[in-house]
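Derivation of every value follows stated rules applied to the coordinates shown; laboratory data play no part. As the structure is a computational prediction, the values presented were derived from the model and not from experiment. Every residue, glycine among them, receives a Cβ derived from its backbone with ideal geometry; neighbour counts consider all protein chains shown.
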Amino acid sequence: MNLRLVYLHRNLTRNVRRSLLTCAAVGLPIMIYVLSMSVVHGVDKFLDNSAKQLRIVVTQKTSIVNPLPEGHRKKIEALDESKQRLTSVCGVQWIGGQRENDPTPLSVMAADADSFVSTMPEYELTQDEIDAWQKDRQAIIIGSGPAGQLGWKIGDRVSIVPTLPPYRAMEFHVISTAPKAPDNQSIFFRKDYLNEELKKDGFPEGQVSFFFVKCATKKDLDEFREKIDAAFAGSLDETRSLDEKTFMNEFIAQQFDLPKNLAILSGLTVFVAIMAAMNTMSMNFRDRIAEMATLKSLGFSGGFAFSLIQTESLLLCSLGGLVGAIVPFVVFTYTPARDFQVPLIQTLVVEWVTCMKALGIAVFIGLVAGVWPSWMAMRMHVVRALRNLE
Amino acid sequence: MSSADIEIKKLKKVYYKDKMEIPVLAGLDLSISAGEFVALMGPSGSGKSTLLHLIGGLDTATAGSVRVGESLLETMSEAQLTSWRSRHVGFIFQMYHLVPVLTAAQNVELPLLLFKMKSSERKERVKTALTIVGLGDRMDHRPNQLSGGQEQRVAIARAIVTDPDVILADEPTGDLDAKTSEEILNLLNLLNEEFGKTILMVTHDPKAAAHAKKTVHLEKGQLEREEFSNRQPMAAAR
């Protein structure tokens, strides 16, 4: 084998423990980057799917916390009596909830029974499920996330205690786990059932948190978004209409701003990796000052010394990066971990493009980490180095 | 086999430490003929190693001139000096300075990477150099598998493998016991007598200096005196 390659290889394996720790110091941040970006892409996909659905989300103008009257639905439908452009309107009331004696929060919503199926076609309910939804007042559709987590399946009778009124356990019949729904966390039941329960306990009924308005085209969506708000302008319950992607984006940002926080986390870990790799390469150079000086005395140029340290840094970091990128790809593609579920994202999908980007970042870390010690090696004065004055 | 004479004129070297001027060589004049074996002696700080570094192009003079063969070192850039060094000078250090992760053969092969040469020719040269220093059977040993004397032999093989004009040795026996020192000095004599190499050796040891044909004594950066040895050539001694 070429002596240069032999020398490079031996340098990499000269201090195996240090090399392995450096690989890990780069590999782990790269792994965090890959996973973080996969979550971010998952959220992006979720939002893209929301955009595809051509839905307007109508909320109370001042805050999503303030409800709208159910009666708004008829006024919205009246904006297109042909139902060719506004194909369906579904009122939804968020009530949250949890199982009895289980603090795990659930995202439970009551939806208009007659228009839910046509407004939310991406749930791809079977005909049996649709029939069950329409016939059974206590029907409930559990997202595949909580269904898997809580072990709920079709046919089960389940009990949920809402976070909002009526605040007491409500009984439901599971009619679907919506395995094809892009939003795998939400739970929907019929609004008429909620209204009855609210009436029983004397709570005000006939309110919704927001309306989903299904449009035929993007043009309709843009046009009716403004028309809806104009229709309620000046009323006691003015509205704010957004396309669903914008609404979801705002909602996510208000809740935890996951993409932004993950991007910051990734940036920090990459910075830490650079520091760790730079420290190792500096130690490697310090250990070899006499050796570098000898090479230079033999006639090797400063450029050779630079390339020797820089290549070592690149290889070390790339190796760590390769492991850090490949491990999550393999684990989340070929092992049972591929079923791992993240809120909003059905499953965590690690794409090879993300892995390639991560590898690019590892190469960048190697380049940056190696520059300073490589520069020192290049500029090192042979005589001073041999006298150990450096 | 190549060799070169060395001509040093009014050589000055001043170091600066914390803005303080430290003169090391103060207008030194010295001539060394091609094929000579010269020992450089003198007290610490007299400028022996500095002179060696200046002749080897590892450092640049403050004033004066160094000519090695046809090369005037003060006219060369750093890059030119680096390239010149690889072709004309072989260094031997007190602490050997072998690359610990490479075998004896690979250490000796290192300087040949700077030459356009077929791999087979490189291997042949390495084998010859290691055989000359008596380590033909230790080619695949790493430095930590060799004794101090053997390590220095590998360093000598590395110094001669490019067939340099001049060999510069900085206290080559300083870290060795008496018996091993004698072996290394005999090896240097061999290189000088059999292969005609010009050798300049810095030493504190009069016994080591006795192996040289000429001993140059330095004092405060100037030539104090030159002594010629009456030592018999190795061939005659045999």
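General remarks:
- Mean residue ellipticity (222 nm) of chain A, computed from DSSP H runs ≥ 4 via -39,500 (n - 2.57), nearest 500: -18500 deg cm²/dmol
- Nearest 10 degrees, 0 to 90: helix B:119-132 Cα axis against chain B principal axis: 80
- Applying both filters, DSSP loop and at most 12 other Cβ atoms within 10 Å, to the chymotrypsin sites (Phe, Trp or Tyr not before Pro) of segment A:232-272 gives A:Phe256.
- Three-way shape call for segment A:269-310 based on the alpha-carbon gyration tensor, with the a/c threshold at 1.5: oblate
- Rounded to the nearest 20, the Cβ-based charge dipole of segment A:62-237 about its Cα centre (Lys and Arg +1, Asp and Glu -1) stands at 60 debye.
- Cβ crowding within 10 Å ranks A:His9, B:His211, A:His41, B:His97 as A:His9, A:His41, B:His97, B:His211, fewest other Cβ atoms first.
- Separation of alpha-carbon centers, segment B:83-108 and segment A:205-220, rounded to whole Å: 80
- Near the amide H of B:Val24, within less than 5 Å, lie the amide hydrogens of B:Lys13, B:Val14, B:Tyr15, all on another chain or at least 5 residues away, with H placed in the peptide plane.
- Between segment A:1-80 and segment B:146-223, the alpha-carbon center distance in angstrom: 66
- GluC sites (Glu not before Pro) restricted to segment A:6-111 and DSSP loop, no more than 10 other C-beta within 10 Å: A:Glu81, A:Glu100
- Farthest positive-ward along chain A dipole, Cα basis, beta-carbon charges - from A:Ser374, A:Asn66, A:Val108: A:Ser374
- With θ taken as phi - 60° and the Karplus curve 6.51 cos²θ - 1.76 cosθ + 1.60 applied, the whole-hertz 3J(HN,Hα) list for segment A:28-44 is 5, x, 5, 5, 4, 4, 4, 5, 4, 5, 5, 5, 4, 5, x, 5, 4 Hz, x standing for glycine and proline.
- Listed by chain and number, the lysines whose alpha-carbon sits under 30 Å from that of B:Lys118, ignoring those within fewer than 8 places in the same chain, are A:Lys296, B:Lys127, B:Lys197.
- When only the Cβ of Lys, Arg, Asp and Glu is charged (+1, +1, -1, -1), the dipole of chain A relative to its Cα centre reaches about 2300 debye.
- Label-to-label distance, nm, for residues given as A:Glu100 and A:Glu351 (7 Å Cα→Cβ offset): 4.6
- With the charge dipole of segment B:2-45 set up from +1 on Lys and Arg Cβ and -1 on Asp and Glu Cβ about the Cα centre, the Cα lying farthest toward the positive end among the listed residues B:Phe37, B:Tyr16, B:Ala26 is that of B:Tyr16.
- Note on A:Cys90, A:Cys317: ascending count of other Cβ atoms within 10 Å places them as A:Cys90, A:Cys317, the fewest first.
- Under 15 Å from A:Lys75, Cα to Cα: aspartates and glutamates that are on another chain or at least 8 residues apart: A:Glu226, A:Asp229, A:Asp237, A:Glu238
- Degrees between helix A:258-287 axis and first principal axis of chain A (Cα, 0 to 90, nearest 10): 10
- Per-residue ellipticity at 222 nm from helix content only, as computed over chain B with -39500 (n - 2.57) for each DSSP H run of at least four residues, stands at -9000 deg cm²/dmol.
- Looking at segment B:12-120, the trypsin sites (Lys or Arg not before Pro) that sit in a DSSP loop and have at most 16 other Cβ atoms within 10 Å of their own Cβ are B:Lys19, B:Lys116, B:Lys118.
- Rounded tilt (10° steps) of A:244-255 against the dominant C-alpha axis of chain A: 70
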